[in-house]
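Worksheet for the structure shown next.
A short reminder: the numbers here are calculations on the coordinates, not readings from a lab. The structure presented is a predicted model; accordingly, all values stated were derived computationally and were not measured. FYI the Cβ positions are ideal-geometry reconstructions off the backbone, even for glycines, and counts take in every protein chain you see.
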Amino acid sequence: MKSITVRYFAMFREHAGIAEETLSIDAATAHDVFEHTRERHGSAEPNGHCKVAINDQMADWDSPVSDGDTVLLFPPVAGG
Amino acid sequence: MVEVTETPIDTADLQRSLTNPAAGGYCAFEGWVRNENEGHVVKRLEYEAYEPLVIAEGEKVLAEAKERFPYLEARCVHRVGLLELGECAVWVGVASAHRDEAFKACRYIIDQIKVRLPIWKKEHYANGDSGWVNCERCAAHGIAD
């Protein structure tokens, strides 16, 4: 099990009802964290157009996560 | 330079900040709050950004643009918070020796900003509903693009 702090933004934050939480989960990659939070908060948004960052660095869904990491989950972006 | 601001964007001031004696051309793009999207009447927009990565990723975009279309000066500002119709949500300005680089770099920068930077847009509609733009879950329900 790893201690992972997850931060939610925009739609994800509204859906989860919180901006951040620390989870004790069995996750190898950023995608595992995403799937865990989807189930946890009943989100229907697929990860296809979402982005992820680990410890303030943009990452890929298959990027590994380590104990103590902060994973930032970004719903589909829409700047401009 | 890439910035996020909660206050109205002063485009004239930004243009002046790109002044360079070697520049023979300047091109800017302004994104404005529009009153309609996908058939919905939009009353106002709400932008949210994760500033640390908007800056970091935005600076990468400027560097990529400079490599592809060597310019002299470039700057980008994105607004956050509640914006009313007609307000400027994003401004990109590029100064270069010749117009071609300015046009192309400006286009590259705004196109990349829209798809890469962690910025989110919530539309507030005339009927009181609201929706996050580009959210698939919302799109499936016909709420927003």
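Taking label points 7 Å from Cα along the Cα-to-Cβ direction, B:Ala12 and B:Trp32 give a separation of 1.7 nm. Our coupling estimate for the stretch A:54-61, obtained by passing each phi through the Karplus curve with A = 6.51, B = -1.76, C = 1.60 and θ = phi - 60°, is 10, 6, 6, 10, 4, 9, 9, 5 Hz, Gly and Pro reported as x. Counting Cα-Cα pairs of the stretch B:1-54 in 5 Å increments starting at 0 gives whole-percent bin shares of 4, 11, 19, 19, 18, 15, 8, 4, 2, 0.
For chain B, the longest principal axis of the alpha carbon atoms and the long axis of helix B:99-116 meet at an angle near 30°. Between 0 and 90 degrees, the angle of helix A:30-41 with respect to the longest Cα principal axis of chain A falls at about 70 degrees. Give the angle, between 0 and 90 degrees and rounded to the nearest 10, that separates the Cα long axis of helix B:51-68 from the longest principal axis of the Cα atoms of chain B. So the helix axis and the longest Cα principal axis differ by about 50 degrees.
For chain A, averaging the sequence separation of C-alpha pairs within contact (under 8 Å, six or more residues apart) and dividing by the residue count gives a relative contact order of 40 percent. Peptides B:9-17, B:89-97 ranked from most to least packed, by the mean per-residue count of other Cβ atoms within 10 Å: B:89-97, B:9-17. Charge tally around A:Trp61: other residues with Cβ under 12 Å, Lys/Arg +1 each, Asp/Glu -1 each, net -3. Counting, for every residue in B:124-134, the Cβ atoms of other protein chains within 10 Å of its Cβ and taking the mean gives 2. Across peptide B:113-123, the average count of Cβ atoms from other chains found within 10 Å of a residue's Cβ is 6. Put in order of Cβ neighbour count within 10 Å, fewest first, the listed residues B:Glu101, B:Glu3 become B:Glu3, B:Glu101. For B:Arg44, the amide hydrogen comes within under 5 Å of the amide hydrogens of B:His124, counting only partners 5 or more places away or on other chains and with H modelled in the peptide plane.
The alpha-carbon atoms of chain A, seen along their principal axes, cover 37, 23, 18 angstrom, with the largest extent given first. From the alpha carbon centroid of the stretch B:5-54 to that of the stretch A:36-58 is 28 Å. The C-alpha atoms of chain B occupy a region whose extents along the principal axes are 51, 26, 26 Å, arranged from largest to smallest. Taken along the Cα-to-beta-carbon direction at a fixed 7 Å, the label points for B:Glu59 and A:Leu23 span 3.1 nm.
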